[in-house]
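The values are calculated or read from the model by the stated rules, or taken from the named source; none is laboratory data. These numbers were taken from a predicted model, which means no experiment stands behind them. Counting neighbours? That spans all protein chains shown, and the Cβs are built from the backbone with ideal geometry, glycine included.
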Amino acid sequence: MSTTVPRARRVSPRSAVLPAHGRRHNLSLVLQMLYSVGAMSRADLARRLGMSKVTVSDLVSELMDSGHAVELGPSEVVRPGKPGTLVDVNRTGLQAIGVDLAEHEVLRAAVLDLDGNILVRAERAIADDSGQAVVDKVLDLVHEVIGAATAPLLGIGVGTPGIVGPGGVVDTAPNLGWTDVPLRDIVANATGLPVFVVNDADAAVHADYTLGEGGDDLVLVKIGRGVGGGLIVGGQRVRGAHFASGEIGHVTVGTDGGATCRCGKVGCLETWVSAPNLEKALEAAGADAPQEPLREAGERLGIALAPVVAALDLSEVVLSGPEHLLGGVLRDALDETLRARLLARTTTDLTVRLAHRPDDIVLRGAAVLVLWDQLGVA
Ligand SMILES: [Zn+2]
């Protein structure tokens, strides 16, 4: 089990708020500070947040009453006077559920702790199921993991294929046979818990940003059966006019044709870089250039991503998917193509890397969504 510790630089106590939101905002600042930096005394909290000790003590009391914070014992920091008692986010006393509906033929769910560690897993095969049958299996799976939780649950995060509109409605997810499925309300009504639904690549970028090493300006491209992307710009997830930002899989790359895509167009990015298409191309590759499909996929990906990286002035491009396909030749070709196509001064600190633990990235990112909302953690 990993012990990922989120970083302190996420805390921004200076954000402006409306007076009516003041208390909730202040509660969230205390939680963010504890979550990011770790346990500390009320006096330290007050100092770091620029609040009075009385205010902080009052906020901490409320958070302890609600079960969000706990006292750990006396501080070991040696200072004149009485040692302060350490308080922390209730890391072991609260849990969240993550659900990943974007894997091939299987629905996955897990109970996670507040540091993103997976405590319990469950899954359901979906083989030929479609439409309502998949919804029923999602509910069945969610009920199973709720039953396996060993602490109060903050909520449920769901990463799903397809575009997710306002209110957690899945516009269209062909692989699940879904059109306009109000997934958030369905799961919330069945469980009574807060529910957050996002596209699977958006969940993945949340995991990389909050639990991984992602910085404030990054694009994550998730490569599996399809190709999707998630964007964090200035520390905020980009949603877009149609809730579809990052959806680059069906953008045509180049003017030289290519294979016909399942969407009907020719030469979509997905035809070059989806995992099944890459595996097929590798099988068909000649013995003299067995890695050529990987090099070409990296190059096409670079051609598609260069304008995105330039327009948003990003500093990281992260690939999430099968390492045997994405590491090595593909990553190197992507890196090279981006540097060849971008302004040199913007690429000196450009990082092109693979995401950690891609198999669990959607489960963990979906749970992060719950933390963002319920703890104000970013
Ligand atoms: Zn397409």
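Here are a few things to note about the model shown:
- Which listed residue is without any contact (Cβ under 8 Å) to a residue 24 or more places away in the chain, within 30 Å of P322 (Cα to Cα) and not small (G, A, S), from V134, V99, V106: V106
- Scanning the stretch 191-206 for residues that are out of contact with any helix residue (DSSP H, G or I) (no Cβ under 9 Å at 6 or more places or on another chain) and over 22 Å from H143 (Cβ atoms) gives a single hit, N199.
- Meets criteria (surrounded by 24 or more Cβ atoms within 10 Å (Cβ to Cβ) and closer than 26 Å to L314 by Cα) for A203: yes
- With respect to the conditions (1) more than 16 Å from the ligand (Cβ to nearest atom); (2) surrounded by 20 or more Cβ atoms within 10 Å (Cβ to Cβ), L312 lacks only one, and its number is (2).
- Flag for V181 being crowded, with 20+ Cβ neighbours inside 10 Å and modelled with pLDDT of 95 or more: yes
- Members of the stretch 350-378 that are out of contact with any strand residue (DSSP E or B) (no Cβ under 9 Å at 6 or more places or on another chain) and over 27 Å from M33 (Cβ atoms): D359
- Residue in the stretch 191-199 that is surrounded by fewer than 16 Cβ atoms within 10 Å (Cβ to Cβ) and away from the ligand (no atom under 16 Å from the Cβ) present: yes
- Subset of the stretch 243-266 [under 23 Å from L231 (Cβ atoms) and over 25 Å from the mean Cα position of the chain (by Cα)]: T252, V253, G254, C261, C263, K265
- Test: residue in the stretch 7-21 that is at positive phi and at pLDDT below 90: no
- The condition of being more than 16 Å from the ligand (Cβ to nearest atom), of a type in the set (G, A, S) and either touching a helix residue (DSSP H, G or I) at 6+ places or on another chain (Cβ under 7 Å) or closer than 30 Å to L114 by Cβ (or both) does not hold for A297.
- Of all residues in the stretch 315-324 being surrounded by fewer than 21 Cβ atoms within 10 Å (Cβ to Cβ) and in contact (Cβ under 8 Å) with a residue 60 or more places away in the chain, the one that is farthest from V205 (Cα to Cα): P322
- Counting the residues of the stretch 188-224 that are over 14 Å from the mean Cα position of the chain (by Cα), among the hydroxyl-bearing types (S, T, Y) and closer than 13 Å to A366 by Cβ gives 0.
- Scanning the stretch 360-373 for residues that are out of contact with any Phe, Trp or Tyr (no Cβ under 9 Å at 6 or more places or on another chain) and more than 25 Å from G302 (Cβ to Cβ) turns up D360, L363, R364, A367.
- For L319, the stated conditions do not hold, so it cannot be described as closer than 30 Å to R184 by Cβ, under 26 Å from the mean Cα position of the chain (by Cα) and assigned to a helix (DSSP H, G or I).
- For the stretch 30-78, the candidate set comprises residues that are within 31 Å of the chain's Cα centre (by Cα) and assigned to a loop (DSSP other than H, G, I, E, B); within that set, the residue that is surrounded by the fewest Cβ atoms within 10 Å (Cβ to Cβ) is G50.
- All of (1) in a strand (DSSP E or B); (2) closer than 28 Å to H242 by Cβ; (3) among the acidic types (D, E) hold for E103 with one exception: (1).
- Within the stretch 154-164, considering residues that are at pLDDT 90 or above and in a strand (DSSP E or B), the one surrounded by the most Cβ atoms within 10 Å (Cβ to Cβ): G159
- Those residues of the stretch 213-256 which are farther than 21 Å from C268 by Cα and either part of a strand (DSSP E or B) or within 16 Å of the ligand (Cβ to nearest atom) (or both), in sequence order: L218, I232, V233, Q236, R237
- Residues that are assigned to a helix (DSSP H, G or I) and either more than 9 Å from the ligand (Cβ to nearest atom) or at positive phi (or both), drawn from the stretch 262-287: W272, V273, A275, P276, N277, L278, E279, K280, A281, L282, E283, A284
- Among the conditions (1) of a type outside the set (V, I, T); (2) surrounded by fewer than 23 Cβ atoms within 10 Å (Cβ to Cβ); (3) assigned to a helix (DSSP H, G or I), L334 misses just one, which is (2).
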